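Report on one structure; see the data block that follows.
The values are calculated or read from the model by the stated rules, or taken from the named source; none is laboratory data. Since the structure is predicted, the reported quantities are computational estimates derived from the model, not experimental observations. Note that each Cβ is placed from the backbone with ideal geometry, even for glycine, and that neighbours are counted across all protein chains shown. Side chains included, ligands, DNA and RNA excluded: accessible areas come from the protein's heavy atoms. Shrake-Rupley method; radii C 1.70, N 1.55, O 1.52, S 1.80 Å.
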Amino acid sequence: MSESQRFAASAVELRKSYGAGDSAVHALAGVTVAFPRGEFAAVMGPSGSGKSTLMQCLAGLDSVSSGQVYIDDVRITALSDRALTKLRRDRVGFVFQSFNLVPTLTARQNMLLPLSLARHRVDRAWLDQVVQTLGLADRLKHRPHELSGGQQQRVAVARALLSRPAVIFADEPTGNLDSAAGTEVLTLLRQAVSQLGQTVIMVTHDPVAASYADRVVMLADGELAGELANPTVESVLSALAQASAASPVQPATSSRP
Amino acid sequence: MNIVLLAGLRTSLARLVATGLAVALSVGFVVATLTLSTTFTRTTEQTLTANMSHADVRITPTVAMVATSDPRTSTDVLTDVLPRVLALDQVAGADVERLALVELRSGSTRSAAQVATVLDESVRWQQLSAGVWPATVAEATLDQTAVSALGLTLGDILSIAPASTGVGAINVTIVGITSPDSAGVGTGAPTLLMLPAVLDNPVYFPVSTGVLVAGDNIAAADLVGAVSAAVAGSPGIVVQTAAQAVDYQTGELSGSGTILTSILLAFAAVALFVASMVISNTFQVLVAQRTREFALLRCIGASTAQVRGLILGEAFVLGAVASAAGVALGIVGAGALAALSRTDSSTLHLGELVTDPLQLALGMAIGMSLTLLSALSPAHRATRVRPVAALRAVEAPRTATSFVLRAIVAAALIAVGGYTLVGGATRSGLGLAVAAGVISFVGVLLASTLLIPWIVRVAGLLIAWTSVPARLASLNASRNPGRTASTAAALLVGVTLVTMMVVGVTSVRTSVNDKIDEKRPVDLTVQTDDPAGFTATMVGQIAALPGVEESAVITAGRLGLSADGVAEFQLPARGVVPEEARAVARSAPTVAAAGEIVLNPSNARGLTDGTGVTVRGSGGERMLTARFDPAAQPGQVVVTAEDLLVVVASPTTTQVQLRLSDTASGAEVQLISSGIMSLGEDLVVGGGAPERTYYAQILDVMLLIVLALLTIAVVIAVVGVANTLALSVLERRRESGLLRALGLTRGQLRGMLAVEAALIALVAAGCGVVLGIVYAWAGLSAVALQANKLSLSVHLPWDQLGIILGGTLVAGVLASVIPARQATRKSPVNALSGR
């Protein structure tokens, strides 16, 4: 496992099926992938390619049919629900497409929620720095419905950053935002990786969003369908076209990182 | 639209189960009450018909006469007229039915029983299942039920004693067993049939209930004429044909049944009211959750009438199914109660269950209209959903209320009701107080929608700091103020009524006890007719009886009292030991200190308070100080036993006073009394304990029945809490998923829901207890005002109030169990994606 030390999250021969027998649907058909620490990775693929399932399995939100998932060198596929819950709140951060915040809590309470749940102390300096960086200082007392979509998503990013998790999973973080707010959130995620050394794994279908990442992992029909280092919008678009055309029986062009 | 209705029903079926349960429970209550009432009337009719199966005519005393006749002094009209009836040619036979209550002893068992006379063969309706009819006064038949309950067989010997005194038991041999049909209505007590001669002994207090007359080939109507002519001039009796008599008596008996039915239906109304709140709340929530769906329907062309029809259609189906279940539940429940009444321990034996289709239809109609009416307002709200709502993301919908109007109406009702309530309680009386109570309570319920969310919020703040789940729970509880308020209000109704009853009955009980303590401070007094008084051994035996906690001895003698300028006069004296007397009495007794003589001012005869009195008795003379006490019994003086011993040579012990345990039941008091009486033939037992236990027993039974009936309303309200919570869980499914993703454990999620339920339950219970105490005060004051001179003060039974609060809290937490299971079963990812 010495090699895995470099990885914030990894999956080995990961399979996820729904149903049984002939009618079974294989959302993930044996995916092996690893994400080094400090990387901003994007997972892309056409609808139904299994990218959301991959994220959910990596994050310990969903059970797997077979294979292993490691977060921060912990094999989470062997953990109990209780241990998994504890691991999620200590080592994993989330940013979702929508419904990101608890509507009854203020922005500040939402940010601190994972820490409060874990009964961990708040690092004041870190909190101030995150709040400053994300420009939320004057929004702390507001409730979610008093915030714009972009602001809500920034609060979600702040919440994910505050516990200094091993990895932040972002599921279509810009899906519900206008382009200006989307750019803002992507820039923040980019900053978190470059300046703070945070690991971010983002699921997206937007080539513009993917172009902010260090690496793009392509999925098609539940299998890896290639990857792209230092992507641009154009390279992502052409790779996507390739991935869509590629037949699943062809050997994947991926190389193990 | 029907397809939409069916699809909607299919998806919301699980959400409607709890509501259906509330409807079914209340409909079941109504149906069971009506069915039992009908069964009671029919049983009465059948029993009476059976009793007159051989008679054509019955002579019945008017009710008033039974009530006023004292069998020992008044001449029995029925017995008097019997010879005249028998003398008629048209009469084949006739006999008087007589009845006495006795205590039946078989081995160590004692039970209440009745002795009836063996009737003349011409009118005898009882049937033997074994043995023969009694031929001597020492023989009897017993009914089959009692024979098996007591484990007896033919030839066994029992003893019976008059129920009034319990002394002078006689032995009787069981020679026959009567078939169970002969048990008679209104009593499940063992019935012995014995020769009339037995009841000629006045110690049994026999009551003549009627004369049965069998005709000799003559129409009943003609026989009535003949008998009427024969008994003309005898007061207080009516002559009727058997059929008329059955109708007449059934009317008399089911008249009291009707009152009982009305009381039961009043409780059923409370249950229905609470159920309607639960139903209305459910539909309110369902409409809120389906806003998008309704908007979509409007977008694609559904009219408001169609949307309204959708909700009402659902309500109709729910009402029909739940009411049908309720009718079934009611029949099963009534059947179970009727079966229970046929067991030995019951005092009322009901016959076969009579189900009247009309009553079942009535129960069904009540359930369905209740559901439909409760759904009207939510249906109206659904029509206000605008089509455009489908096109934008809807935030968790807030219940809009015409805040100001509601506040004004509520305040007005509370003000008017409250003012009138105080007036009714302190000046006018019960009728006004009840009306004002209802008005003010409606006001309170309206206001609760505005106030309860605030109280929940404050209560939530108190616990929010303890943990994150607690904080989330307290925020959730005040999230939909309308929903929380109506959930709590349903519970509030039940708790208020329960508290009112508990406080009311406890207060009456305490006040009655205080009154008895004051008038009859000693639990049991034992006196003897023996002029020599009690021997020391006997006093020891009495004091040593189990259940006796304290005892005091009263000695007596005659004293001559004189003073300067006052000629000697004689008065009987009681010698008491002050410490003993105080320990025995439940209120301050009249006692004398050493060297003191206590007398009522009416016996002063020239003596003055605080001055010396020369007291002379058979054994000597002594100077005592007079103390006047208006509470002292007139016509006698009280000194210490020691002082009495100095002046009277040999004072007799005339009375032993006993204090029993505070919790002694009527049966225990009875046992101690008979224990004392078995010590000597000439002992007489009196005192306040029998009276106190008698009232306590009546009040306890009353309270128990009322609480059992109110429990149904509370259960429905708790179902409502579970229902609201379950609906909220569905609504917050994605939020729960988010919280789980962020690290909330399953246990914490369950805890969060439990705290939310506990908060609502506790606030409702707290408000209910306070309101209940207020209404209990008003009720007690009004009753005290109505029944002149009866002073009733409010006594709070803290332990029982604690049980109410604790019980509601536990019920609330239990109500969260099923919704919590639903909430935690979903994996976070399913919940988040809304799958």
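Some values worked out for this structure:
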quantity	calculated
Chain B: relative contact order as a whole-number percent, Cα under 8 Å and 6+ apart	15
Reachable lysines from residue A:16, criterion Cα separation under 19 angstrom, eight or more residues apart if same chain	A:51, B:826
Solvent-accessible area of residue B:777 with every protein chain in place, 1.4 Å probe, in Å² to the nearest 10	90
Folded to 0 to 90 degrees: helix B:403-423 orientation relative to chain B principal axis, Cα	10
For residue A:146, solvent-accessible area (1.4 Å; no DNA, RNA or ligand), Å²	100
Interatomic Cα distance distribution for region B:403-521, bins of 5 angstrom, percent	2, 11, 12, 15, 15, 13, 11, 8, 6, 4, 2, 1, 0
Span from the region B:414-432 Cα centroid across to the region B:746-765 one, whole angstrom	37
Ranking by accessible area, most exposed first, for B:805, B:376, B:683 with a 1.4 Å probe	B:376, B:805, B:683
B:416, B:637, ranked by accessible area, largest first (probe 1.4 Å)	B:416, B:637
Nonlocal amide H pairs with residue A:203, under 5 Å, H built at 1.01 Å	A:43, A:170, A:171, A:172
Label-to-label distance, nm, for residues given as residue B:84 and residue B:649 (7 Å Cα→Cβ offset)	6.4
Peptide-level mean, for B:461-468, of C-beta atoms on other protein chains within 10 Å	2
Residue A:234/residue A:195 FRET efficiency (R0 25 Å; Cβ-Cβ; nearest 0.05)	0.40
Translational diffusion coefficient (Stokes-Einstein; Kirkwood radius from C-alpha pairs) of region B:260-340 at 37 °C, 0.692 mPa s, in µm²/s	212
Cubic angstrom per residue, convex hull over Cα atoms of the protein assembly as shown	285
Net dipole in debye of the protein assembly as shown [+1 Lys, Arg Cβ; -1 Asp, Glu Cβ; about Cα centre; nearest 20]	6520
Virtual spin-label span in nm between residue B:602 and residue B:361, 7 Å along Cα→Cβ	6.9
Using alpha-carbon coordinates, inclination of helix B:304-341 to the longest axis of chain B, degrees	30
Value of D in µm² per second that Stokes-Einstein yields for region B:524-687, Kirkwood Rh from Cα pairs, at 37 °C (0.692 mPa s)	197
Solution diffusion estimate, µm²/s, Stokes-Einstein, chain B, Kirkwood Rh from C-alpha pairs, 4 °C, viscosity 1.567 mPa s	39
Exposure rank, largest accessible area first [B:81, B:817, B:404, B:755; 1.4 Å]	B:404, B:817, B:755, B:81
On Cα atoms only, tilt of B:242-289 relative to the major axis of chain B in degrees	30
Karplus 3J(HN,Hα) series, Hz, for region B:451-467 with 6.51 cos²θ - 1.76 cosθ + 1.60 (x for Gly, Pro)	8, 4, x, 5, 5, 4, 4, 5, 4, x, 4, 5, 10, 4, 6, 5, 7
Average partner coverage of A:105-112, which counts Cβ from other chains inside 10 Å	1
Volume per residue that the Cα convex hull of chain A spans, once the total is divided by residue count, Å³	134
Rounded if a/c under 1.5, otherwise prolate or oblate - region A:85-145, Cα gyration tensor axes	oblate
Surface share of carbon and sulfur [accessible, 1.4 angstrom probe, percent] for region B:524-687	51
Lysines whose Cα lies under 23 Å from that of residue B:519, excluding same-chain neighbours fewer than 8 positions away	B:789
Alpha-carbon centroids, region B:550-580 and region A:59-111: separation in whole Å	92
Per-selection Kirkwood Rh - region A:39-92 (Cα, Å, 1 d.p.)	12.0
Relative contact order (%) - criterion: Cα under 8 Å, at least six apart; region: region B:605-668	29
Modelled FRET efficiency - R0 41 Å, residue B:662 with residue B:611, Cβ distances, 0.05 increments	0.50
Over region A:1-79, relative contact order from alpha-carbon pairs under 8 Å, at least 6 apart, %	38
Label-point gap, in nm, between residue B:316 and residue A:126 - each point 7 angstrom along Cα→Cβ	6.2
Exposure of residue B:121 as accessible area (Å², to 10), given a probe of 1.4 Å and all protein chains	140
Whole-angstrom Cα spans of region B:74-154 along principal axes, big to small	48, 32, 20
